[in-house]
Amino acid sequence: MKNKYPIGILGATGMVGQRYIQLLENHPWFEVVWVAASDRSSGKTYGEAAKWRLDTPLPERIAKMTVAPAEPVGAPKVIFASVDAAIARELEPRFAAAGCAVVSNSSAFRMTPNVPLVIPEVNAEHLHLIEEQPTRKLSGGYIVTNSNCSAMGLVIALKPSRSASALNRLL
């Protein structure tokens, strides 16, 4: 793919944000073009703001990026959000209202009826719920969440059993 989709990382200086950077920096479809974090980090270079804790080097291109304020103005249309649930409840709807697709790692909207909680290998068909979100109709934006990390591994492992038999409940 010659042209990559520009994406942003909200909460970029935390551990999950760092992991997003690590995973997405050489991704064939996405290019990290925007990093945002708290007022404490905003305006600094990412290299100054983030205490990089991963076992791979901080990508030089990312280290030179200026950390943006955690506001939708100037953000790309696809946001990977890695903020605390309390902050996510406030920020993620603002990004969705501004027309952004927000992929949330937070628990803030996991139980919201029209926000899909998606494990692609298990229930990608739930993505149709995006169309029911008011922001989708107004601005094109929406929120999608992932599951709790402990549940994710278990559900992925159990999916083949459910598909092959009548597994409906675990004791």
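Here are the numbers for this structure:
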quantity	calculated
Residue that is surrounded by the most Cβ atoms within 10 Å (Cβ to Cβ), among those in the stretch 20-51 that are basic (Lys, Arg) and over 20 Å from Phe95 (Cβ atoms)	Lys44
Residues that are surrounded by 12 or more Cβ atoms within 10 Å (Cβ to Cβ), assigned to a helix (DSSP H, G or I) and of a type outside the set (S, T, N, Q), drawn from the stretch 119-132	Val122, His126, Leu127, Leu129, Ile130, Glu132
Residue match in the stretch 59-76 (condition: in contact (Cβ under 8 Å) with a residue 60 or more places away in the chain and closer than 19 Å to His27 by Cβ)	yes
Filter result (among the polar types (S, T, N, Q) and surrounded by 20 or more Cβ atoms within 10 Å (Cβ to Cβ)) within the stretch 52-85	Ser82
Matching residues in the stretch 65-89 - criterion: being touching a Pro at 6+ places or on another chain (Cβ under 9 Å) and not in a strand (DSSP E or B)	Pro76, Lys77
Residue count, the stretch 86-111 (criterion: loosely packed, with under 15 Cβ neighbours inside 10 Å and closer than 25 Å to Ala157 by Cα)	1
Selection within the stretch 133-158 - at pLDDT below 90 and either open to solvent by 40 Å² or more (accessible area, probe 1.4 Å) or not in a loop (DSSP other than H, G, I, E, B) (or both)	Asn148, Cys149, Ser150, Ala151, Met152, Gly153, Leu154, Val155, Ile156, Ala157, Leu158
Sole exception among (1) modelled with pLDDT of 95 or more; (2) over 27 Å from Ser38 (Cβ atoms); (3) among the hydrophobic types (A, V, I, L, M, F, W, C) for Val122, by number	(1)
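Residue by residue, here is whether (1) within 17 Å of the chain's Cα centre (by Cα); (2) of a type in the set (Asp, Glu); (3) in a loop (DSSP other than H, G, I, E, B) holds:
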| position | (1), (2), (3) |
| --- | --- |
| Gln22 | yes, no, no |
| His27 | yes, no, yes |
| Ala36 | yes, no, no |
| Asp39 | no, yes, yes |
| Lys51 | no, no, yes |
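The values are calculated or read from the model by the stated rules, or taken from the named source; none is laboratory data. Fair warning: this is a prediction, and the values are worked out from it, not measured in the lab. Glycine gets a Cβ as well: all are built from the backbone with ideal geometry, and neighbour counts include every protein chain shown. Quick note on the areas: whole protein, heavy atoms, side chains included, nothing else; ligands and nucleic acids left out. Shrake-Rupley method; radii C 1.70, N 1.55, O 1.52, S 1.80 Å.
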